[in-house]
Amino acid sequence: MCVVFQLDTLEHDALEVLRLLRSTRNTLAPINRIPPEVLTLIPDFWDRSDRGQDVIALTHVCRAWREIFTSHSSLWTDFDCMDSNKTRVYLERSKA
């Protein structure tokens, strides 16, 4: 039982190191050198009818983009009241 626990601990530690390495590598990618203020301007140039789905897609690119786009409240002000879960999330993210 003790050996299994130690192996589980080693596996967990190895996965954490791998996650940190990948995260560090991603921060060095040229796209991640764009300042958050510039990134959040991107949706301003999209067609308003498709903007909701596109903004959600941006939050699925990486952890850094998710934090940037979910915290930018003006991106979450176009509500689709037909979907209550989506509307709730938009209300939370719009912060107003």
Check your understanding: Between residue 46 and residue 26, what is the FRET efficiency for a Förster distance of 25 Å, r being their Cβ-Cβ separation, to the nearest 0.05?
Key -> 0.55
Practice item. For every helix of n ≥ 4 consecutive DSSP H residues, a contribution of -39,500 (n - 2.57) applies; sum these over the chain, divide by its total residues, and give [θ] at 222 nm rounded to the nearest 500 deg cm²/dmol. Key: -18500 deg cm²/dmol
**Study point:** Which of 29, 10, 81, positive extreme of dipole for the chain (C-beta unit charges)
**Key:** 29
Review point. At a 1.4 Å probe radius, carbon and sulfur cover how many percent of the accessible area of the chain?
Key: 63
Point to revise | Relative contact order (percent, whole number), region 11-91, Cα cutoff 8 Å, 6+ residue spacing | key: 17
Review point. What is the dipole size for the chain, taken about its Cα centre, with +1 at each Lys and Arg Cβ and -1 at each Asp and Glu Cβ, in debye to the nearest 20?
Key: 180
**Study point:** Ranking by accessible area, most exposed first, for 5, 45, 69 with a 1.4 Å probe
**Key:** 45, 5, 69
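The values are calculated or read from the model by the stated rules, or taken from the named source; none is laboratory data. Fair warning: this is a prediction, and the values are worked out from it, not measured in the lab. Neighbour counts are summed over all protein chains in view; Cβ atoms, including those assigned to glycine, are modelled from backbone coordinates with ideal geometry. Heavy atoms of the whole protein, side chains included, go into the accessibility calculation; ligands, DNA and RNA do not. Shrake-Rupley method; radii C 1.70, N 1.55, O 1.52, S 1.80 Å.
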